[in-house]
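Enquirer: The structure that follows is given in the form of structure tokens.
The values are calculated or read from the model by the stated rules, or taken from the named source; none is laboratory data. Because the structure is a prediction, the values reported are computed rather than measured. Virtual Cβ from ideal backbone geometry, glycine too; neighbours counted across all protein chains shown. Each accessible area value is taken on the protein alone, full model and side chains, heavy atoms only, with ligands, DNA and RNA left out. Shrake-Rupley method; radii C 1.70, N 1.55, O 1.52, S 1.80 Å.
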There are 4 protein chains.
Amino acid sequence: MPNKEQNSDIQFINGDIACAEGAINAGCRFFAGYPITPATEIAERMAFRLPQIGGIYIQMEDEIASMNAILGASWAGIKSMTATSGPGFSLMMENLGLGIMLETPCVLVNIQRAGPSTGLPTMVGQGDMMQSRWGSHGCYEIIVLSPSSPQELYDLTITAFNLSEKYRVPVIIMSDEVVGHMSEKVFIRPINADDLISRPKPRVKPDKYQPFRADNNLVPPMAIAGDGYGFHATGLTHDERGYPAMTATAQDQLVRRLSDKIRMNQNDIIQYREFFIDDAEIIVCAYGITTRIAQMAVKIARDKKIRAGLLQLQTIWPFAEERIRKLSSNIKAFIVPEINYGQIALEVERCASGNTETVLIPHMGGSVHNPEVIFKAIREKTQ
Amino acid sequence: MPNKEQNSDIQFINGDIACAEGAINAGCRFFAGYPITPATEIAERMAFRLPQIGGIYIQMEDEIASMNAILGASWAGIKSMTATSGPGFSLMMENLGLGIMLETPCVLVNIQRAGPSTGLPTMVGQGDMMQSRWGSHGCYEIIVLSPSSPQELYDLTITAFNLSEKYRVPVIIMSDEVVGHMSEKVFIRPINADDLISRPKPRVKPDKYQPFRADNNLVPPMAIAGDGYGFHATGLTHDERGYPAMTATAQDQLVRRLSDKIRMNQNDIIQYREFFIDDAEIIVCAYGITTRIAQMAVKIARDKKIRAGLLQLQTIWPFAEERIRKLSSNIKAFIVPEINYGQIALEVERCASGNTETVLIPHMGGSVHNPEVIFKAIREKTQ
Amino acid sequence: MPNKEQNSDIQFINGDIACAEGAINAGCRFFAGYPITPATEIAERMAFRLPQIGGIYIQMEDEIASMNAILGASWAGIKSMTATSGPGFSLMMENLGLGIMLETPCVLVNIQRAGPSTGLPTMVGQGDMMQSRWGSHGCYEIIVLSPSSPQELYDLTITAFNLSEKYRVPVIIMSDEVVGHMSEKVFIRPINADDLISRPKPRVKPDKYQPFRADNNLVPPMAIAGDGYGFHATGLTHDERGYPAMTATAQDQLVRRLSDKIRMNQNDIIQYREFFIDDAEIIVCAYGITTRIAQMAVKIARDKKIRAGLLQLQTIWPFAEERIRKLSSNIKAFIVPEINYGQIALEVERCASGNTETVLIPHMGGSVHNPEVIFKAIREKTQ
Amino acid sequence: MPNKEQNSDIQFINGDIACAEGAINAGCRFFAGYPITPATEIAERMAFRLPQIGGIYIQMEDEIASMNAILGASWAGIKSMTATSGPGFSLMMENLGLGIMLETPCVLVNIQRAGPSTGLPTMVGQGDMMQSRWGSHGCYEIIVLSPSSPQELYDLTITAFNLSEKYRVPVIIMSDEVVGHMSEKVFIRPINADDLISRPKPRVKPDKYQPFRADNNLVPPMAIAGDGYGFHATGLTHDERGYPAMTATAQDQLVRRLSDKIRMNQNDIIQYREFFIDDAEIIVCAYGITTRIAQMAVKIARDKKIRAGLLQLQTIWPFAEERIRKLSSNIKAFIVPEINYGQIALEVERCASGNTETVLIPHMGGSVHNPEVIFKAIREKTQ
């Protein structure tokens, strides 16, 4: 590994390593974490790479501390990340809320394994998808991405940092054990300054600065600790100055804006990929590793002249509601394979609004679906 | 307060106290917790009452420990409870999963305040409703109840213990600051042995006992630590003997059953109350304190000859899907007022399947809705 | 056990229980601790007794927290205590220093077992005697008492509280597993108000009060939090107002006084008991359970016309330097049996100043000395 | 700083840096710590240097964890170190005992500041000298070194690692804020393999290996985790196989040997330096930074024809008892200046056995002695 800031190459690496390299190329210079299978390789790579380029890797005592450390680093002006899996992700939930409340850019990676509880620590699951949206207390919106390959894990990690900086919000990457541990060719594409987004900076003098006064896109410019701008940061409901404001009015202003800055900008945020959609009479909707299996199932169907299509959700939250609603009018069913007992299928069903049927193909975890199972569901609904 | 095991009386008390009295009359003899507004009064009452009747109150160092302590007490055969609010609830999420995996009867109370993060510690919110369903990692089902008054908090606490024992699952009571802190007349009704359900006991000899082998209702009999029955308990995926079983097959057997024991028995579990439903052309669907405001709005509507009805969800999870689907065919809209930015409304919308519109009336927290706002939505949709 | 504030009776109880009863009769109303063999019975008794009389028992998460909790309780005006054994005692060392710096009355009990490290958790040792004097960082003096029987544990616990209140210093009771676990008749003597000492109270108006301005005996009057007297308390070196004062001069004033208040008042503090001293040509110097064995050895010697005497140190620190120096001029040797490899013997040797020999009879722990071994040492030195 | 394993040079650096460089040249490749003034620079240097040479620096959450981490690293075969000051040193006391019980080579550095408690965090003290000997529970011996200059801190750090490996015992370096923070020329002398001692390795096959069976010098050979030798390690009293042995006999065998391996080898361990001793009629006995002040005082005395000498204790524990006893016969007094209220002076007094007077010159901390004060004591005792 060359001792240089940017790594640009085609490499044969696993998803965890690709994620770490993506973070570094996105400008991440601080990683705090606690090892947990199957996310440990991200921490290992960061521990190796960050000191080479003037970054900081810190091994924390647990995931609560890890979450707090990346928030602190971000307020100090450094792009920061942590990575974990189920049990550690649950421990991060309390202060994920702090990150949201303080509008702190940072990236959390969850390499999902099968749960609940300790479950199958070394084996795949997709059971934390709803938790990534709803796992912290209080009402909020968040951005969640889901890659289906090491290459996408590299690419979406860069996207994650960009969205995080642009909207001042923690961004979560929900990957899984198979994507994290599979090795494939990854193009570590070179990143130009233009490819990267940085948090909005104050354009007023320090004496005019109000740290939570938003611009038109609902995102407030963010001063860096030490730049001479005063700010008061609290997890309490606060006014534009950052001071606690214990009223329903202040709550409405702040908490509504925190959600609206995601909701209003969702067209800028949401990404998906479509395969064979144009003439599809049935659509498999998948994400993460399950996309790969769904692709096989769709291929089998197309080989048999069944007009199946595939919608891969790359952005999970905010949910691609509009697109799914539109697609729902013209098809016989959505087939939703998930390595859980039904999570994203609920959202698909909601957005389909009764226009079409939503068929969950659940898998409890520990392995991926057999593509034949998905194909059978396709065939059944098109007969 | 008389120093006796059962307290039976009409009292003028707040919801937190009613909850504690309900727990005691349900047989709860162990409480572990960490104080947090607005749930502290439950802990205080338990600290006062439990020593009077041979129970144990333990002040823990945080909510992680509190959650673990009530699991341990339950395995020792004692009905146990904890109570908290948003930030503490987030901290309980990791080991809530352990309770689910180990099928441990216990009751968690969340007296909701406005979030996210520290938010408004002394003021009302309903922002943790989805978290109560999805806050821990991995796929699981859970039972969640929501009371709209101190009386209901008393009654549903007893229900919570009964369901928890019957199905060997943590049960969550999602109340809120207003219900917790409002004082009203509460009938501390006397409880007979027949009113209480105890966890199923093994009916085989110790040498035949398999701690996770389920009966017909999918619930395994539960030996108490010390009764002479051996068991091995682990948060890892396990077989019927309780031993780790690191395969997708074992995962499918265990995790599917853990969810199915709730899903298959949902008709036994789900409770709701309906007001003016029969001829309703519009239905307000509410829960918790918002029910009380919705009642006022429906009253205003009825006074104006608008055929409005009210569906109060007492059981939030599993969701009253069937009932809502049925109702959706005959009405012009569901109106869903919530003290959040849209949580249960998503489920209502999903279950309505496009049969009718679902209108969210959001409130960010810190106070309750003005009934006029709900009434206006009713009127608008019925014009 | 009668539900009354004072317990007065002859009871057949072990030393741990006697200690708890002594604390209660001394006015202790707050106990914070973490269970550890062989001190657990003290916590158990306090957990049972304190709620009966309006006191507070709190189970802490560890010994660090226990130490801090009793300091906090004391500043709130309540006499407080904790109890532990070796490993927990080590964990208390950091904030024992805080108690000394803040001149906080409180009592620590160490029921010694054999160490180092986990050692023999259920078996006797006297290995923490020097630690009780020197275990926290920085220079300080402290008061340490050592009882040789359950009765003395009862009595010296009362003395400990009195000295603690009088001199505003944590007082340590260094007992051991045998004294803690042996059951004997204990006279729970009734305590009058006159028998108890309370911390000196401010005699000036709040606006004149300086919380660390000492009286003639070098002890500052102590306001109770909530009494209307302002005070600032910090573990930093501080001036008489309690404010940090980062100079060598302030350090000299404060830290010298903290030690001098013990040194100057040592004649008031030091207690010992002497047996057959007047004509003794050899003196066994012992403390704790070893006193009892030494008594047997002296008896054997006296039976054989050897003029042996016994000096029992009840106060270990400050050390009975003057008395030992005086006795050293007239005898052939001090025999010092200890259940360690030589701790108090070093002090005896120092104070003997070469006037007489000091003979250590070490025992590594796990049981007490055989009295014959001590007797042989006596005989050898008198021949 | 060149990126090479060994650094050899004359450098102008402070004591903390010299300590880090000494550790690295002694072969230390693992450092775990938590920052605390005035020891932080050691951690900073190690954080910078260790990754350059394949070593590991780990920032821990507190000093308890730091102590445990260096024990673990040592069992894995790596020379390990931590550094702290007073409050952190107190937190290390519990598991220092574990290191002693498990005979674990490692080095602890205490850069002393003025205490007790938080005291004067940035200013000098020597108040932890007795704590370094007696701070953990149970009876044990330990090796403690004290340097008087950055050069000595470099040199004694290497000595510390050698003694630690040779005797399988934690070795403590008791430095102080002035030595740690003063910058002087330090000869980072090149270290040959011959200069370094490694822990004794097993010379028997794995099936014959008993991990706590000592050689003639009372030190058992030490297998490295992973080398194929089984061992069981417990803080409980254990037999030669490492298995718990809950008897007074086992305690006597183990704990006596743990102390005797230091006591019997003290002539190999103890180091001191003498200046103008031969004809001295008065001797200043000093250590650490106070040595430097004492040198000035002795110089003043010699200039005035007073025959003063200086004994610098480099090894504090085991104590140079024999040498002091010998010197005591021929002089008028020992003068012992310490930046505390009398610690090592007590040992000097004990060893002087009444042959000569011991005069403490105490200083409470925050600065060093004025050499005139020491000189006056010299003059007074020689008149």
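Enquirer: Using the structure shown, decide if A:I339 is more than 9 Å from chain B (Cβ to nearest Cβ) and surrounded by 24 or more Cβ atoms within 10 Å (Cβ to Cβ).
Expert: For A:I339, the condition - more than 9 Å from chain B (Cβ to nearest Cβ) and surrounded by 24 or more Cβ atoms within 10 Å (Cβ to Cβ) - is not met.
Enquirer: Does segment C:63-79 contain any residue that is facing chain D (nearest Cβ under 10 Å), closer than 21 Å to B:E61 by Cα and either among the acidic types (D, E) or surrounded by 24 or more Cβ atoms within 10 Å (Cβ to Cβ) (or both)?
Expert: Yes, there is a match, as at least one residue in segment C:63-79 is facing chain D (nearest Cβ under 10 Å), closer than 21 Å to B:E61 by Cα and either among the acidic types (D, E) or surrounded by 24 or more Cβ atoms within 10 Å (Cβ to Cβ) (or both).
Enquirer: Kindly indicate the residue of segment A:44-55 that is open to solvent by 60 Å² or more (accessible area, probe 1.4 Å) and either modelled with pLDDT under 95 or over 23 Å from the mean Cα position of the chain (by Cα) (or both) and also nearest to the other protein chains (Cβ to nearest Cβ) among those meeting that condition.
Expert: Residue satisfying both the conditions and the ranking: A:P51.
Enquirer: Among the numbered conditions (1) open to solvent by 10 Å² or more (accessible area, probe 1.4 Å); (2) basic (K, R); (3) more than 17 Å from B:I24 (Cα to Cα), tell me where B:R168 comes up short.
Expert: (1)
Enquirer: When only residues in segment A:140-165 that are charged (D, E, K, R) and away from every other protein chain (no Cβ under 14 Å) count, which is surrounded by the fewest Cβ atoms within 10 Å (Cβ to Cβ)?
Expert: The selected residue is A:D155.
Enquirer: Kindly indicate the residue of segment A:351-376 that is part of a helix (DSSP H, G or I) and open to solvent by less than 10 Å² (accessible area, probe 1.4 Å) and also farthest from the other protein chains (Cβ to nearest Cβ) among those meeting that condition.
Expert: Within segment A:351-376, the match that is farthest from the other protein chains (Cβ to nearest Cβ) is A:F375.
Enquirer: Sticking with this structure for a sec: Within segment C:53-94, work out how many residues are within 16 Å of D:P87 (Cα to Cα), in contact with a Ser or Thr (Cβ under 7 Å, 6 or more places away or on another chain) and of a type in the set (S, T, N, Q).
Expert: Selection size over segment C:53-94: 1.
Enquirer: Which residue pairs have Cβ atoms under 9 Å apart, sit 6 or more places apart or on different chains, and have a first residue in segment B:248-272 that is aromatic (F, W, Y) and a second that is surrounded by fewer than 19 Cβ atoms within 10 Å (Cβ to Cβ)?
Expert: B:Y272/B:R323
Enquirer: Would you confirm, using the coordinates I've provided, whether C:I10 is surrounded by fewer than 24 Cβ atoms within 10 Å (Cβ to Cβ), part of a strand (DSSP E or B) and in contact (Cβ under 8 Å) with a residue 24 or more places away in the chain?
Expert: Yes, satisfied.
Enquirer: Another question, if that's okay. Considering only segment C:211-224, state which residues are open to solvent by 50 Å² or more (accessible area, probe 1.4 Å) and modelled with pLDDT of 95 or more.
Expert: Across segment C:211-224, the qualifying residue is only C:R213.
Enquirer: May I pose another question? Working carefully through the options B:T84, B:T118, find the one that is under 24 Å from A:L236 (Cα atoms) and surrounded by fewer than 24 Cβ atoms within 10 Å (Cβ to Cβ).
Expert: Of B:T84, B:T118, the one residue that is under 24 Å from A:L236 (Cα atoms) and surrounded by fewer than 24 Cβ atoms within 10 Å (Cβ to Cβ) is B:T118.
Enquirer: Pairs please, first residue from segment B:71-91 and closer than 12 Å to B:P105 by Cβ, second anywhere and in a loop (DSSP other than H, G, I, E, B) and among the hydroxyl-bearing types (S, T, Y), Cβ atoms under 8 Å, 6+ apart in sequence or on different chains.
Expert: Listed by first residue and then by second, the contacts come to B:L71/B:T104; B:S74/B:T104; B:W75/B:T104.
Enquirer: Further question: Under the condition of being touching a strand residue (DSSP E or B) at 6+ places or on another chain (Cβ under 9 Å) and open to solvent by 10 Å² or more (accessible area, probe 1.4 Å), which residue from segment A:320-329 is nearest to the other protein chains (Cβ to nearest Cβ)?
Expert: Filtering first and then ranking leaves A:L327.
Enquirer: Please find, among D:Q295, D:Q251, D:Q312, the residue that is touching a Leu at 6+ places or on another chain (Cβ under 7 Å) and within 21 Å of D:N370 (Cβ to Cβ).
Expert: Just a single option satisfies the conditions, and that option is D:Q295.
Enquirer: Test A:N95 against the criterion of being among the polar types (S, T, N, Q), open to solvent by 10 Å² or more (accessible area, probe 1.4 Å) and closer than 25 Å to B:Q343 by Cβ, and give yes or no.
Expert: Considered against the rule, which asks whether it is among the polar types (S, T, N, Q), open to solvent by 10 Å² or more (accessible area, probe 1.4 Å) and closer than 25 Å to B:Q343 by Cβ, A:N95 comes out as yes.
Enquirer: Those residues that are out of contact with any Phe, Trp or Tyr (no Cβ under 7 Å at 6 or more places or on another chain), within 24 Å of D:Y341 (Cα to Cα) and open to solvent by less than 60 Å² (accessible area, probe 1.4 Å), I need them from segment D:293-307; list them, please.
Expert: Scanning segment D:293-307 gives D:I293, D:A294.
Enquirer: Right, next: Residues in segment C:255-284 that are in contact with a strand residue (DSSP E or B) (Cβ under 9 Å, 6 or more places away or on another chain), within 8 Å of chain D (Cβ to nearest Cβ) and crowded, with 20+ Cβ neighbours inside 10 Å: how many?
Expert: 1
Enquirer: From A:M129, A:M93, which residue is facing chain B (nearest Cβ under 7 Å) and within 29 Å of B:D176 (Cβ to Cβ)?
Expert: Among A:M129, A:M93, only A:M93 is facing chain B (nearest Cβ under 7 Å) and within 29 Å of B:D176 (Cβ to Cβ).
Enquirer: Which count do you get for residues in segment A:21-43 that are open to solvent by 40 Å² or more (accessible area, probe 1.4 Å) and more than 11 Å from every other protein chain (Cβ to nearest Cβ)?
Expert: Residues in segment A:21-43 being open to solvent by 40 Å² or more (accessible area, probe 1.4 Å) and more than 11 Å from every other protein chain (Cβ to nearest Cβ): 4 in total.
Enquirer: Can you go through D:D207, D:D227, D:D194 and tell me which one is at pLDDT below 95, acidic (D, E), surrounded by fewer than 18 Cβ atoms within 10 Å (Cβ to Cβ) and in a loop (DSSP other than H, G, I, E, B)?
Expert: Just one listed residue meets the conditions, D:D227.
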